[in-house]
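To keep things clear, I will list the structure first and then write my remarks on it.
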Amino acid sequence: MNKQKKIFSMLVIIAVVGLGISLSGCVEEIENKIIVGTSADFPPFEYVEDGTIVGFDIEMVTMILEDLNYTVEVQDIAFEGLIGALNSDKIDVIAAGMSIDPEREVDFTIPYYEADLSVLVLTESNYTINETNHLEVLANLTVGAQTGTTGADWVYETLINITNATMQEDQLKRYTLYTLALLDLTNKNLDAIVIDKPVAEAFAEDVDAEIAYTIDSDEEYGLAVKKGNSDLLAELNQGLTKLIGTEEWTNLIKKYFE
Ligand code: ARG
């Protein structure tokens, strides 16, 4: 090989190695993935449409994470399993209409949505439930809620776990998914479902059901990360602060709530 040829082949090698390095750089960027866990039984926040998980929470968290240059993968896990999945690093973020509650072993972002609980019944059932009689009426019904939710907790703590309770433990039926509770309501295996009001409103559009009573629970939804994951928490908080109140945000609300 003459000198010129040698220099040329050296340059080729440098170029090829360089390309390899920059390509591996790209691969690393693709690996910058965040796994979002949700419980896709909760329209309009998260639900399955044509085999895909969609909804307000999913679109919002994807917007925020993609803006931070992450790729997003969404995993569907029943609500009661979400915190465990987060704490065992199977997922990085929970986006599941999860109410901010200091007793939950996670770190929450700033709130992004406010909701009360409600009592969903079949329209034909004709219950009159109000502020004065709601405890008495509910204590005589079979009530469904999703396991691990504030709805199930409310029924248990307000109607069952009290002195002189008239409601029995087995009058509260816990379901892995709210959609299964809805099925049992329409099958008349349940008299009522205690569930977040915006979701009850969405369900009431699909089946012949209505909201018979609103429970003033004043909940706020937050995204959640593993306790101590302060970098991701800060990024999500920045993202939320940047998004909330913008035209994009208004459009997202319109898309899923109107
Ligand atoms: N907001 C309620 C809670 O935090 C219910 C959330 C249920 N979410 C769901 N995706 N199924 O307990």
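Restricted to the range 33-62, and to residues there that are small (G, A, S) and part of a loop (DSSP other than H, G, I, E, B), the residue that is nearest to K226 (Cα to Cα) is S39.
Every residue, every condition in (1) without any contact (Cβ under 8 Å) to a residue 60 or more places away in the chain; (2) of a type in the set (D, E); (3) over 26 Å from L82 (Cα atoms), yes or no:
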residue: A165; (1), (2), (3): yes, no, yes
residue: L172; (1), (2), (3): yes, no, no
residue: L180; (1), (2), (3): no, no, no
residue: D184; (1), (2), (3): yes, yes, no
residue: N189; (1), (2), (3): yes, no, yes
residue: E210; (1), (2), (3): no, yes, yes
residue: T214; (1), (2), (3): no, no, yes
residue: Y221; (1), (2), (3): no, no, no
residue: V225; (1), (2), (3): no, no, no
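Counting residues in the range 83-91 that are in a strand (DSSP E or B), among the hydroxyl-bearing types (S, T, Y) and out of contact with any Leu (no Cβ under 7 Å at 6 or more places or on another chain) gives zero. D57 meets the conditions (1) within 12 Å of the ligand (Cβ to nearest atom); (2) surrounded by fewer than 21 Cβ atoms within 10 Å (Cβ to Cβ); (3) of a type outside the set (A, V, I, L, M, F, W, C) in every case but one. The failed one is (2). In summary, I110 fulfils each of the numbered conditions (1) surrounded by fewer than 20 Cβ atoms within 10 Å (Cβ to Cβ); (2) among the β-branched types (V, I, T); (3) outside any loop (DSSP other than H, G, I, E, B) with the single exception of condition (3). Checking every residue in the range 200-220 against the condition of being of a type in the set (A, V, I, L, M, F, W, C), closer than 21 Å to F108 by Cβ and buried (at least 19 other Cβ atoms within 10 Å of the Cβ) gives zero matches.
Once the range 90-131 is narrowed to residues that are of a type in the set (D, E) and within 13 Å of the ligand (Cβ to nearest atom), the residue that is farthest from L185 (Cα to Cα) is E103.
Bear in mind that the values in this text are calculations on the coordinates, not laboratory data. Since we're looking at a predicted model, the values are computed, not measured. Glycine also receives a Cβ, built like all others from the backbone with ideal geometry; neighbour counts cover every protein chain displayed.
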